[in-house]
Amino acid sequence: MRIAVCAPQVPFERGGTEILVETLTEELRRRDHDVELVKIPFKWYPGPRPLREALVWRLLDLEEAQGRPIDLVVATKFPSYAVRHPNKVVWLVHQFRQAYDLDRTELAQFGEEPVDRATVRAIHELDRRMLGEAQRLFAISENVSRRLHDSAGLTAEVLRPPPQALDFRRPEEGGDFILSVGRLDRAKRIDLLLEGAALDNSLEVIVAGEGPDRGRLEQVTARHELDGRVRFVGKVADEELVDLYARCLAVFYAPIDEDLGLVPYEAFLAEKPVVTTTDAGGPLEVVVDGHNGIVCEPSPAAVASACARLAENPELARNWGRAGKQAAEGLTWDAVVERLLSP
Amino acid sequence: MKVAYFSPLPPERSGIADYSALLLPALRERVEVVVVPRGAKRAPRGTDVALYHVGNSPEAHAWIVDALQRQPGLVVLHDFVLHHLVAGMTLGRGDTDRYLDAMQRDAGVIGRLLAHGVVDHVLPPIWEERAQDFPLAWEVLQHAGGVICHSSYVEGLARAYGYEGPIRVIPMPAWPSVEAGDRLLPEGSTPTIVCCGHLNAAKRIPQLLAAFEAVRRPFPDALLVLAGSAAPSLRLETVGREEGVLRLEYQDEADLWRLLRDCDVSVSLRWPTMGETSGMVIRALSLGKPLVVSDAGWFQELPDSVAARVPVDEYEVATLAATLERLAGDEGLRRQMGAAAAEYARREHSLGRVADGYVAALEQVAGGEAVKDAILGDVARAAHEVGMSSGEPDLAEVGVRSREVGIGD
């Protein structure tokens, strides 16, 4: 089958979506499909720009290439699902959240000017049309599926992607730091962990990842004089990430209403428990409080208390990490590919 | 956002006036609203967008359409067939040419010839017999930056008619709660069937009377209440004398609610339809009353669980009689349909949801042109820079795709 996997690309950025679409492409190729990853640079600001980007996708002709038909397109996230194709399947990573749940929050992009409000409404309309015309509609999590249903009245089957295939090794005993993995932006709320560390002198933290919020997070660290206990290691290679997972006590992951979040799955494959919060969204579909991690209130004190509990009970942390592994191992690319390609 | 609000309002007697009285407080909780006084020529200064409620009555809506034609905005299309309105705004003002043009827009040369026939009094007025064949809606739609309608049925009509702007289907709001007071109808008549509103031939009153006569045979205690002003052509003045039929004139809002509350079944038949939604049906749904409706227009969008539909065909009277008899003899079914109706009204016709829909539509129209200008300006610049000129097929495709993503004209 000739398949085009479609995804926008914010130039010079690499995160969960990039890993997901690249892995999907590889996995399809491994199963003898002829696959092309179609990426278009994405800039989402200012004002109505997201709609222009959607038009760019709409203008593409992916029905054939060099005279041979393309059998299927798999679109992933806004605005790639504006692409036209008679056999369009959408595996929805997320809609343009600034037009939905992030609107009128501190993470908002759009203001109250008529042009901004109209852009938000036009994005809603666009989603209804472009997602509504898909032959099949999948979402990477319950959370994404629910948001789609609430906003556009469309139903998507939940199809969770497996985490990236790192060469996880056995967990080391005596891990004593809390690991944060992921892009450093405000929505990831790493400051909750840093503020928590300010409340508990015994808490040590390693923050892996890069992003626009790094400067602010370093200021938080300096303000609370955490320099000795919090380390920013930047973007790390896979081997180093595996090493960090193996050596940590637990993994902190608590974005605001995250779409899915593959970090908890990676943590579980490394047999580490996860600390998340009651408003984290996607992570709550896999992190079960008291079974494979702790789900606490989104406050520095609650995060500090959760981390302290794990530090005081290393055996409990080990058991919860092992329990998480079973959940993460259930996600396979065989299952994903079979459902994506089923007629 | 500041909205200029054009609508008939109470004490004017119209369904649209009642509708606005219900909607306005909920809308005011969400946006700033300036109600435009009747007869005003345009929206007040400083408003961001104008909202025009348009129905088929020239007395109630001509001034609103006059303002719309001066300043485009968001149109609430309460009726799709606007022939009566347009005739009033053209022939009624001595502007024959405009009526001829409107008819030609709808039906080409034949339409123009028919209009000449009407103007010269050699044909009967089209708005009395065949308005649905010549809706003349373009007189309004050509000025609409966006449209709100109350049913997918009307949305389909508008699209088939050639309107390409944004359309949002927003159901009629249900009344949240009504204090109806003492019982209005006599007790002991089972079933009590009510038909309320302006009574005319399109409400299928002759068919209802014929069907009720059949219902009276197995159910001699049955009562049919016909409440509302009546078209003279119906000759209802003799109806009250028939056994089992209670004829009431126009009822004010409070008594209307009492009537509906007291009944066992509410009947709302309609053919031909002008694309309107029935406020009476919405009231009956709110009160959890089983409904009998025509299988036509918006009524077709009501779920089977809340409404029994009667096809408009040669068996209409027999089907209607059988439907009423079934409901008369099955209290459990009436209860079941009533519960489903109340739940449906709560879910689909909540006032808050309706007001949210209005805000979405207003926002879309208020800034829509600025959004289009920003994006299409970029596209036009890029097209010019790569040497594309208007008329080229590739540029035409850009237009098509722009419309598909909702940013083209």
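No value in this document is a laboratory result; all are computed from the given coordinates. Just so it is clear, the structure is predicted and the values come from calculations on it, not from any experiment. Counting neighbours? That spans all protein chains shown, and the Cβs are built from the backbone with ideal geometry, glycine included.
What is the gain in length, in nm to one decimal, between A:VAL288 and A:ARG216 on full extension, counting 0.36 nm per residue of separation less the C-alpha to C-alpha distance? Please list the in-between numbers first.
Details: separation 72, 0.36 × 72 = 25.92 nm, distance 3.09 nm.
Length difference between fully extended and current span is 22.8 nm.
Any chance you could give the angle, 0 to 90 degrees and rounded to 10, that helix B:152-161 forms with the longest Cα principal axis of chain B? Computed tilt is about 40 degrees. Extension gain, B:VAL122-B:GLN300: 0.36 nm per intervening residue step, less the Cα-Cα distance, totals 60.4 nm. Ranked by the mean number of other Cβ atoms within 10 Å of their residues, highest first, the peptides A:247-260, B:334-347 come out as A:247-260, B:334-347.
With only Lys, Arg, Asp and Glu charged, each at its Cβ (+1 for the first two, -1 for the last two), find how big the charge dipole of the range A:2-159 is about the Cα centre; round to the nearest 20 debye.
Working: 23 positive and 25 negative charges, 36 e Å.
It comes to approximately 180 debye.
Amide H contacts under 5 Å for B:VAL225: B:ILE193, B:VAL194, B:CYS195, B:LEU246, restricted to partners 5 or more places along the chain or on a different chain, H placed in the peptide plane at 1.01 Å from N. Axis of helix B:205-216 versus longest Cα principal axis of chain B: the two differ by about 30°, to the nearest ten degrees. For a modelled paramagnetic label at A:LYS43, 7 Å from Cα along Cα-to-Cβ, the residues of the range B:358-386 in reach, with backbone nitrogen under 20 Å, are B:371-386. Taken one residue at a time, the phi angles of the range B:285-299 give Karplus couplings (6.51, -1.76, 1.60, θ = phi - 60°) of 4, 4, 8, x, 9, x, 10, 10, 9, 6, 7, 7, x, 4, 4 Hz. Gly and Pro are set to x.
Relative protection proxy for A:297-304, B:231-238, B:72-79, from highest mean packing down: B:72-79, A:297-304, B:231-238 (other beta-carbon atoms within 10 angstrom). Annotation: amide H-H contacts under 5 Å for B:ALA230 (H modelled 1.01 Å from N, sequence separation of 5 or more, or interchain): B:LEU199.
Note on A:55-68: average number of Cβ atoms from other chains within 10 Å of each residue's Cβ is 3. Distance between the modelled labels on B:ALA40 and B:ALA62, one decimal in nanometres: 2.1 nm (7 Å Cα→Cβ projection). The residue list A:GLY175, A:TYR81, A:PRO69 was ranked by how far each Cα lies along the charge dipole of the protein assembly as shown toward its positive end, using unit charges on Cβ atoms, and A:TYR81 comes out on top.
Taking the Cα centre of chain B as origin, work out the dipole magnitude from +1 charges on Lys and Arg Cβ and -1 charges on Asp and Glu Cβ, in debye rounded to 20. Intermediate results must be reported in sequence, preceding the final value.
Numbers: 40 positive and 56 negative charges, 127 e Å.
Result for chain B is approximately 600 debye, rounded to the nearest 20.
In the range A:177-329, a dipole from Cβ-located charges (positive for Lys and Arg, negative for Asp and Glu) runs towards its positive end, and of A:VAL274, A:ALA250, A:ALA328 it is A:ALA250 whose Cα lies farthest in that direction. Annotation for the range B:73-111 versus the range B:205-262: alpha-carbon center distance of 35 Å. The loop-placed trypsin sites (Lys or Arg not before Pro) in the range A:90-162, going by DSSP, that have at most 13 neighbouring Cβ atoms within 10 Å of their Cβ come out as A:ARG104. Between A:VAL10 and A:GLU312, residue separation times 0.36 nm minus the direct Cα-Cα distance comes to 104.5 nm. What the phi angles of the range B:375-392 give under the Karplus curve with 6.51, -1.76 and 1.60, with θ = phi - 60°, is a coupling list of 7, 5, x, 4, 5, 4, 4, 5, 4, 5, 5, 9, x, 7, 10, 4, x, 6 Hz, glycine and proline written as x.
How many percent of all Cα-Cα pairs in the protein assembly as shown sit more than 51 Å apart? Walk me through the intermediate numbers first.
Values: 85513 of 282376 pairs.
Distances greater than 51 Å cover 30 percent of the Cα pairs.
May I ask for the net charge around A:GLY215, where only other residues with Cβ less than 13 Å from the Cβ of A:GLY215 are counted and Lys, Arg are +1 while Asp, Glu are -1? Around A:GLY215, the charge tally is -1. Report the calculated FRET efficiency for A:GLN66 and A:VAL158 (r = Cβ-Cβ distance, R0 = 35 Å), to the nearest 0.05. The computed FRET efficiency comes out at 0.45. Taking every DSSP bridge with both residues inside chain A, close to 5 percent are antiparallel.
In this structure, the amide hydrogen of B:VAL35, modeled 1.01 Å from its nitrogen in the peptide plane, lies closer than 5 angstrom to those of B:TYR5, counting only residues at least 5 positions away or on a different chain.
Counting partner chain Cβ atoms within 10 Å of every residue's Cβ in B:98-110, what's the average? Don't skip to the end; give the middle numbers.
Working: counts 0, 0, 0, 0, 0, 0, 0, 0, 0, 0, 0, 0, 0.
That average works out to 0.
Note on A:GLU239 and B:LEU351: with the Förster distance fixed at 56 Å, the Cβ-Cβ geometry gives a FRET efficiency of about 0.40. Note on chain B: with a GNM built from Cα contacts shorter than 10 Å, the maximum mean-square fluctuation among B:ASP262, B:ASP95, B:ASP120 falls on B:ASP120.
Each peptide in B:126-137, A:79-90 was scored by the mean count of other Cβ atoms within 10 Å over its residues; highest first, the order is A:79-90, B:126-137. Rounded to the nearest Hz, the phi-derived 3J(HN,Hα) couplings of the range A:75-85 under the Karplus curve 6.51 cos²θ - 1.76 cosθ + 1.60 (θ = phi - 60°) are 8, 10, 10, 3, x, 5, 6, 7, 4, 9, 5, where x marks glycine and proline. For the range A:2-159, DSSP calls about 10 percent of its internal beta bridges antiparallel. Relative to the longest principal axis of chain B, what angle (0 to 90°, nearest 10) does the C-alpha long axis of helix B:393-404 take? The answer is roughly 40 degrees. Where a Cα-Cα gap under 21 Å defines reach, which lysines qualify for A:LYS39, not counting those fewer than 8 residues away within the same chain? By straight Cα distance, A:LYS39 reaches A:LYS77, A:LYS88. Note on the protein assembly as shown: with charges restricted to the Cβ of Lys and Arg (+1) and Asp and Glu (-1), its dipole about the Cα centre is near 800 debye.
Inter-chain neighbour count for A:45-51: the average number of beta-carbon atoms from partner chains within 10 Å of each residue's beta-carbon is 4.
For A:ARG58, what is the net charge nearby, where nearby means another residue's Cβ is under 9 Å from its Cβ and Lys, Arg count +1, Asp, Glu -1?
Details: positive: A:ARG84, B:ARG401; negative: B:GLU404.
Counting the neighbours of A:ARG58, the net charge comes to +1.
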